[in-house]
Amino acid sequence: MPFYTESLGLPDSAFALLRDLIRERTGLFYENEKGDLLTDKLAPLVIDRGFTSFLDYYYLLKYDSDSGEDWKRVMDALSVQETYFWREMDQIRALVDVLAPRHFSTFPGKPLRIWSAACASGEEPLSIAMALSERGWFDRAPIEIAATDASARAIEKARQGLYRERSFRALPAGLRDKYFTQEQGGWRIAPELRARIKWSIANLMTEPEVAHLAASNVIFCRNVFIYFSDDSIRKAVSLFFRLMPSPGYLFVAASESLLRLTTGFEFEEIGGAFVYVKRQQAGEPHSAAKAEWPMADRQQ
Ligand SMILES: C[S@@+](CC[C@H](N)C(=O)[O-])C[C@H]1O[C@@H](n2cnc3c(N)ncnc32)[C@H](O)[C@@H]1O
């Protein structure tokens, strides 16, 4: 534990207050054994703010109506942005080869809306866009991709579109050469592919920020629930279920089974990948998408 964390002092009762507040606002859950990890990440923010105790910082986050910028810093500090291109591709292949053809034959001319809900620096939605492009989908059907993350720093990186070697550990070299240009500091994504994606900041725990996106036909919410409490997962998943059209398809990572939670989704294998499916509910009309996405925020 760095010395400054100790000097700030955090009695168990105050730790629980801070931890529960963080969980409520971000979904991220630190069990007691991981308390040091949480305090180590937050200690520099407490000190930068000029406080001498975590409890004062807790009061700021909890009660100060001007704490928006502080919450932004908390999200950046706690965000784990480990990701890479072509990760868990069986699910993306199922989207491209099975769900997209199914969507356009059931709802000809209706846009297929895809949301990458915790996209970190963008490798996941860009992999989806590359895979769709490889199959020629953008030339023959309307497809909209939204990508969001709660960390402003992550979305800033995604908008920059400059990636280092570690992001390419699974991407076939031919695709890297086709969609990226090497420059000082890394590889830059082709601007036209990046522009296919609407990037924005959105917190899965804040319904007004994500409700319109949850009306997507397909949601990728991968490798974020591993950091969430069960209650936070339930909250996010039930929001998806309520607002997705039917059929609606939810992909989580292989390590993040939702089967222990009661959700309305049916667990199915589609095209060799596992997916949670929202089937048509009794009395509900078949729907392509429930709401329009706002078109703001498309970055060139
Ligand atoms: C490990 S990355 C996952 C990236 C990508 N989905 C993948 O599977 O490779 C986890 C991301 O979840 C984001 N995150 C954490 N809490 C979040 C929340 N409440 N709402 C939205 N994103 C969140 C983090 O900022 C981080 O970028």
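Observations, loosely collected:
- Greater than 24 Å apart at Cα, pairs in 157/178; 34/72; 34/62; 41/62; 157/235: 157/235
- Nearby aspartates and glutamates by direct alpha-carbon distance to residue 110 (threshold 12 angstrom, same-chain neighbours under 8 apart not counted): 144, 292
- Within the chain, percent of DSSP bridges classed antiparallel, to nearest 5: 50 percent
- Helix axis angle, 123-134 relative to the chain longest principal axis, alpha carbon, degrees: 10 degrees
- Debye, to nearest 20: dipole size of region 165-243, +1 on Lys, Arg Cβ, -1 on Asp, Glu Cβ: 200 debye
- Summing Lys and Arg as +1 and Asp and Glu as -1 over all other residues whose Cβ lies under 11 Å from the Cβ of residue 151 gives a net charge of +1.
- For 216, 79, 13, 53, order by how many other beta-carbon atoms lie within 10 Å, fewest first: 13, 53, 79, 216
- Each of 128, 239, 211 was scored by the projection of its Cα onto the charge dipole of the chain, and the greatest displacement toward the positive side belongs to 128; charges sit on the C-beta of Lys, Arg, Asp and Glu.
- Principal axis dimensions, largest first and in whole angstrom, of the chain by Cα: 62, 54, 33
- Helix 230-243 and the longest principal axis of the C-alpha atoms of the chain enclose an angle of approximately 40°.
- What the Cβ-Cβ distance of residue 261 and residue 181 gives, at R0 = 35 Å and to the nearest 0.05, is a FRET efficiency of 0.20.
- Linear extension gain, residue 32 paired with residue 93, 0.36 nm per residue minus alpha-carbon span: 18.1 nm
- From phi via Karplus (6.51, -1.76, 1.60), per-residue ³J(HN,Hα) for region 248-261 in Hz, x at Gly/Pro: x, 10, 10, 9, 10, 6, 4, 7, 10, 3, 9, 5, 6, 9
- The simple Förster model, with R0 at 51 Å and r as the Cβ-Cβ distance, assigns residue 102 and residue 77 a FRET efficiency of 0.80.
- Point-charge dipole on Cβ atoms (K/R +1, D/E -1) for region 89-278, about Cα centre, debye to 20: 280 debye
- Helix axis angle, 35-48 relative to the chain longest principal axis, alpha carbon, degrees: 70 degrees
- Sum of side-chain charges, residue 270 neighbourhood, beta-carbon under 15 Å (Lys, Arg +1; Asp, Glu -1): -2
Laboratory data are not the source of any read-out in this text; all were calculated from the coordinates shown. Computed from a predicted structure; not experimentally measured. Here Cβ is always computed from backbone atoms with ideal geometry, including for glycine, and neighbour counts include all displayed protein chains.
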